[in-house]
Amino acid sequence: MRKILLFSLFLIVGLVASQLLPGWIAPENAAGWKGVTDTLLYICLAFIMINVGREFEVDKARWRSYVSDYFIAMATAALPWLLVAVYYVAVLLPESQYGEWGAWRESLLLSRFAAPTSAGILFTMLAAIGLGRSWIYRKIQVLAIFDDLDTILLMIPLQIMMVGFRMEVVVILAVVTVLLGFGWRFLARFNIGQRWWAILLYAAGVIFVTWLVNRLFHIHIEVLLPAFVLGMVMRHRHIDTRVERGVSTGISFLFMLLVGLSMPYFAGGSISTATATAGSDAAEASILGSQPMMSWGVIAVHVLVVSLLSNAGKLVPLFFYRDRMLEERLALSVGMFTRGEVGAGIIFIALGYRIGGPALVISVLTLVLNLVLTGGFVVWVKRLAMRAYGEGEKTAAQ
């Protein structure tokens, strides 16, 4: 529970610092500062995604058995995303912009933060409360990894929507296809070093390669998929030492801090996109970023509503797996409420297109609220599991 609270604390500290630093850093040093923090953030994100890919353990001989799980995970990621996207357009924007494609395009990209489940946080906490051998844990392990994978894959067409369909897009799709084919063909094949320092080097290598491809071929590929595929092809070693856990947790904390630091300045009552990353023509005409700042009371209400919508959308598994008890299915759904680093990464990518405004603040604070509530979600899962397995043992005895 302390780890979850620290995740939230680092994100909040970074968010506060992002509002104070513009007054402390000279304008001529701002670009250099942002370059350093963005590079560190991408390295941390690649490190996290490599570890998520390492958790992707499936039996390729039984791939058909995972098809239904993938579609359930896809729906579990899609429903909260779509609910939040519709809310951003219908509630945060004036009626005159309901029919504008630009408004929907930006909302669909930003609201994707609500889709992924925090696999790393969830697996650790469920194992810690004694559910490591349960059906709930095994099924949630598959669904959480699949909905992270689905989030990564869907980011590609979402980014294509932001920049338009150009010739480079065909090349990007070809690269993505090759990466996915390579990942599946060589799943868990390579027995390479997996100590924290090795994965950190791999992460830096992924960042360098994607940067080099962008510079040489003018093809922008986000680090999410290459890092995930690299983790997929590693033969997973469970290295559970105090140092490994400490470094991995520290990098996750640093990542959350850097995500907070990357937020644009809004303390003055409006959203400034001066700190956003340039990189697309669409960025120059951000609809969400041009909306006026709201009062903090109004923002708090929106944060509560968006949190409810995003978690209600995660109840999809409740309507499947009908051979299991209701308590098990509900526990599975509640476990998917947890959000974390991948969602924060989506928000950072949205910043690259200068998507700001109140919707950005609401997204960040919703992520913070879900992190704070994660301990409660896990306790709820435990109680549901104890009730389900207690009733199962009683039925078996009868």
Residues of the stretch 33-67 satisfying the condition of being free of Cβ contacts under 8 Å to residues at least 60 places away in the same chain and in a helix (DSSP H, G or I): W33, G35, V36, A61, R62, W63, R64, S65, V67
Selection count, the stretch 39-75, where residues are under 19 Å from G250 (Cα atoms), open to solvent by 30 Å² or more (accessible area, probe 1.4 Å) and aromatic (F, W, Y): 1
Residue within the stretch 308-319 that is more than 20 Å from the chain's Cα centre (by Cα) and either surrounded by fewer than 21 Cβ atoms within 10 Å (Cβ to Cβ) or of a type in the set (V, I, T) (or both) present: yes
Filter pass, I362 being modelled with pLDDT under 90, under 16 Å from the mean Cα position of the chain (by Cα), part of a helix (DSSP H, G or I) and within 26 Å of F253 (Cα to Cα): no
Qualifying residue in the stretch 21-32 (condition: out of contact with any Pro (no Cβ under 6 Å at 6 or more places or on another chain), part of a helix (DSSP H, G or I), of a type in the set (A, V, I, L, M, F, W, C) and closer than 30 Å to I140 by Cβ): no
Test for G345: is it crowded, with 24+ Cβ neighbours inside 10 Å and not hydrophobic (A, V, I, L, M, F, W, C): yes
Boolean, V372 is open to solvent by 10 Å² or more (accessible area, probe 1.4 Å) and within 30 Å of L92 (Cβ to Cβ): yes
Single residue of the stretch 210-248 satisfying the filter (under 22 Å from the mean Cα position of the chain (by Cα) and open to solvent by 50 Å² or more (accessible area, probe 1.4 Å)) that is farthest from T177 (Cα to Cα): R245
Any hit, the stretch 76-83, residues being open to solvent by less than 60 Å² (accessible area, probe 1.4 Å) and over 30 Å from F319 (Cβ atoms): no
Condition check for F182: among the aromatic types (F, W, Y), at pLDDT 85 or above and surrounded by 14 or more Cβ atoms within 10 Å (Cβ to Cβ): yes
Which numbered condition R354 fails, given (1) open to solvent by less than 20 Å² (accessible area, probe 1.4 Å); (2) in a loop (DSSP other than H, G, I, E, B): (1)
The stretch 164-198, residues that are within 22 Å of L153 (Cβ to Cβ), assigned to a helix (DSSP H, G or I) and in contact with a helix residue (DSSP H, G or I) (Cβ under 9 Å, 6 or more places away or on another chain): E168, V169, V171, I172, L173, V175, V176, L179, L180, F182, G183, W184
Given (1) among the small types (G, A, S); (2) touching a Gly at 6+ places or on another chain (Cβ under 7 Å); (3) within 18 Å of T338 (Cα to Cα), number of the condition S8 does not satisfy: (2)
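The values are calculated or read from the model by the stated rules, or taken from the named source; none is laboratory data. Quick caveat: nothing in here was measured; it's all calculated off a predicted structure. We place every Cβ from the backbone using ideal geometry, glycine too, and count neighbours over all the protein chains shown. Note: areas computed on protein heavy atoms with side chains; ligands, DNA, RNA excluded. Shrake-Rupley method; radii C 1.70, N 1.55, O 1.52, S 1.80 Å.
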